[in-house]
Each structure stands twice: as structure tokens, then as C-alpha cells.
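**Q** Quick one: the structure is below, questions incoming.
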Amino acid sequence: MNYLKSLRMIACLFFSGLAVLVAGCRTVDSTAVANFATTVTAVKTQADDALNATAALTRDASISYAAAQPNLAEANFIETPTGDTISEWDGAFSTMETYAQNMSTLLSPDAVKDFDVAATNLFNQFNETASRLKANRINSQAGVNALLATAFTETAGLIMQARQQATAIKVARATDTNIATICTLFAMEIGADRITSPGLRKTLYETVWTPRLASLTPSFLAANAADKAAICQQYADLLSKRDAQDQVLASLRRSILLLSDAHHALAQGKPASIQADLNVIAGEIQHTRDLFNQFSPPVTPPVKK
């Protein structure tokens, strides 16, 4: 009798614990998915801000550079990255954003049916992104486009394979390595620094800022003392823009790597880790905007008549 009572008590404790565990898993799943989707949207916003700010800074600095050249030529008005490059980055991150948002379908009562449709749409979108990456060069490094296209294609296949598992965490686990690869490749394209690592930061340093700074040397050497002060100020302004642009790109690179960490946390069911990443990314976004605003001309209000 005592044995039966003990057995019943153990059974009650087991099933009570199981109920709590299942409820806890659902909570972790829901929170993790919501936070990851927010993280992806935040990084997409930062990428748009950072790349547009980078292009604006190089465009602004090109005017003084072009004015110092012997001939007026389009090549002197370099804008890096180009509008087409920014568009491809935006398209790739839009696909990642759709992936994150569709994870929420796995939290509904009809998860399998709903995600089966979502998975097919994601499969198509990832493959379309891969096709665009093959056709349009976004990188300053040979081979990055092809590797990104392959990673997007493979992720599409993994999503389709995992669609019957119908839990966000299981899908995230299936794609985690490939999402990490995509993030790593975008981070590589930006570059770890502007001196030694191949990437956008080094390209800008060598092909935009260094020639523009060097172009001031002849004028400086030929100028009188009064004019030299003005040229020195121009040189200092260029240095400030160069460094601000580099910090903007470095900040974006950190956020992209944090996005990889956030996806891994989703795969592991750790919403607290994702929230921590999201908090850091929010700070990086604000840093990007502050740097750009520092060099943006003030908006003059219209004169009332």
C-alpha cells in the first residue's frame, strides 16, 4: 500500500514537472522567436543606415576632391558603396527578416500546416536571393558573392527539410550553421579592420580616402602661410569623415556577428541571450546615427513669406 502511494506520488510529481517543462519550453520558444525577429529587423535597419551613411560621406567628400583635379570627370565623384550594392544588401537582409518573422507560424495551433506554406515561400525567397547574389556583385572581395549564394541556397533546402518538425527551435537548429555562415560572410565583406583585412573598410581606405587626402599635398606645398591653415582644416575634416565612416562600418560588422549569436541562442532556446544581443545592437544603431548626424549639414527651415 505504501509502495502504491509512493508510486502515485512519484507519477504525480513526474507529470507535474513535465507539464511545467512543456509550458516552459513554449515560453522560451515564443520569447526567443519574438526577440530574434526583432534582432534581425534591427540589424537590417542598421545595415541600411550604415551603408547609406557611408555612401553619403564619400559623396560629400568627393566634391572637394573633384575640385582639385585638372579635369572634371565622373570618376572623381566616387560613391562607395553604390546604390545597387546597398539594394542587394537590403534584399539579403529582407530575406533574413522574412525567415525570422515566419518562425512565428510555428507557435500557432496549426503549426505544421501554416509553416508548410511559409517554408515553401521561404524556400523560394532564399533561392531568389541566391540568384540575385550570383548576378550582382556586392563585394570588394573575389568569391564572397558565390559563397553567399551557396549559403542562401543551402539554407532554403534545410528549411524545406525541417518544415515537418514544426518547432521554431528545431528549424533554427537545422539552419544554424548556414545562418552563421551568411553572417560571417557579410562580416568578412565589411572587414575586420581597414589596413590588413580585405573588405569594404580597406577598399574605402585605399581607394577613396587615401587619394583624397594625398590630393591636398600639392596645394599645401604651393600655398602661403594663410592658405595652409585652410588646407590643414580641410585635411582634418577629411580625416574625421574617414574615421567616422570606418566606425560606422565596424559597428555594423559587430551587429551582424551578434545576429549570428542571437540565432544560435534561438536554436538553443535561450531568449535571455538574444535580448542581451538586441540591447547591444540597439546601442550600435544609435552610434551609427550619431556619427552620421555629426557630419550631416543642418536642415535650414523654409523662409516664411
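The values are calculated or read from the model by the stated rules, or taken from the named source; none is laboratory data. Fair warning: this is a prediction, and the values are worked out from it, not measured in the lab. Methodologically, a virtual Cβ is constructed for each residue, glycine included, from the backbone with ideal geometry; neighbour enumeration extends over all protein chains shown.
**Q** How many residues does the stretch 42-69 hold that are aliphatic (A, V, I, L, M) and under 18 Å from the mean Cα position of the chain (by Cα)?
**A** First pass over the stretch 42-69, keeping only residues aliphatic (A, V, I, L, M): 42-43, 47, 50-51, 53, 55-57, 61, 63, 66-68.
Keeping just the survivors that are under 18 Å from the mean Cα position of the chain (by Cα) gives 42-43, 47, 50-51, 53, 55.
Looking only at that region, the number is 7.
**Q** Return the total of residues in the stretch 178-228 being surrounded by fewer than 20 Cβ atoms within 10 Å (Cβ to Cβ), assigned to a helix (DSSP H, G or I) and charged (D, E, K, R).
**A** The total comes to 3.
**Q** Consider only pairs whose beta carbons are under 6 Å apart and that are at least six residues apart or on different chains; among these, list those whose first residue lies in the stretch 238-254 and is under 17 Å from D60 (Cα atoms) and basic (K, R) and whose second residue is surrounded by fewer than 21 Cβ atoms within 10 Å (Cβ to Cβ) and modelled with pLDDT under 95.
**A** That search, which allows pairs on different chains as well, returns K241/F295.
**Q** Can you name the residue in the stretch 189-240 that is among the hydroxyl-bearing types (S, T, Y) and within 32 Å of the chain's Cα centre (by Cα) and, of all such residues, is nearest to A75 (Cα to Cα)?
**A** T207
**Q** State which residue is modelled with the highest pLDDT when the search covers only the stretch 70-112 and only residues that are part of a loop (DSSP other than H, G, I, E, B) and of a type in the set (A, V, I, L, M).
**A** L72
**Q** T175 fails exactly one of the following numbered conditions: (1) at pLDDT 90 or above; (2) among the hydroxyl-bearing types (S, T, Y); (3) surrounded by fewer than 22 Cβ atoms within 10 Å (Cβ to Cβ); (4) assigned to a helix (DSSP H, G or I). What is the number of that condition?
**A** (3)
**Q** Mind checking which residues of the stretch 135-146 are part of a helix (DSSP H, G or I) and at pLDDT below 80?
**A** The answer is A135, and nothing else.
**Q** Shifting gears a bit: Does the stretch 147-168 contain at least one residue that is more than 23 Å from K241 (Cα to Cα), aromatic (F, W, Y) and in contact with a Gly (Cβ under 9 Å, 6 or more places away or on another chain)?
**A** No; the residues of the stretch 147-168 include none that is more than 23 Å from K241 (Cα to Cα), aromatic (F, W, Y) and in contact with a Gly (Cβ under 9 Å, 6 or more places away or on another chain).
**Q** Could you please find all residues in the stretch 276-304 being at pLDDT 75 or above, loosely packed, with under 15 Cβ neighbours inside 10 Å and small (G, A, S)?
**A** Correct list: G283 only.
**Q** How about the stretch 150-171: which of its residues are of a type in the set (A, V, I, L, M) and modelled with pLDDT of 90 or more?
**A** Within the stretch 150-171, the first condition is being of a type in the set (A, V, I, L, M), and the residues that meet it are 151, 156, 158-160, 162, 166, 168-169, 171.
Once the filter is applied, which keeps residues that are of a type in the set (A, V, I, L, M) and modelled with pLDDT of 90 or more, the stretch 150-171 yields A151, A156, L158.
**Q** Let me ask something else about it. Across the stretch 113-126, what is the total count of residues that are touching a helix residue (DSSP H, G or I) at 6+ places or on another chain (Cβ under 7 Å), farther than 22 Å from V43 by Cβ and either at pLDDT 90 or above or not acidic (D, E) (or both)?
**A** Number of matching residues: 3.
**Q** On to the next question. Within the stretch 65-95, which residues are among the small types (G, A, S), closer than 23 Å to F220 by Cβ and surrounded by 17 or more Cβ atoms within 10 Å (Cβ to Cβ)?
**A** Once the filter is applied, which keeps residues that are among the small types (G, A, S), closer than 23 Å to F220 by Cβ and surrounded by 17 or more Cβ atoms within 10 Å (Cβ to Cβ), the stretch 65-95 yields only A66.
**Q** Of all residues in the stretch 265-275 being in contact with a helix residue (DSSP H, G or I) (Cβ under 6 Å, 6 or more places away or on another chain) and either free of Cβ contacts under 8 Å to residues at least 12 places away in the same chain or on the phi < 0 side of the Ramachandran plot (or both), which is surrounded by the most Cβ atoms within 10 Å (Cβ to Cβ)?
**A** Within the stretch 265-275, the match that is surrounded by the most Cβ atoms within 10 Å (Cβ to Cβ) is L266.
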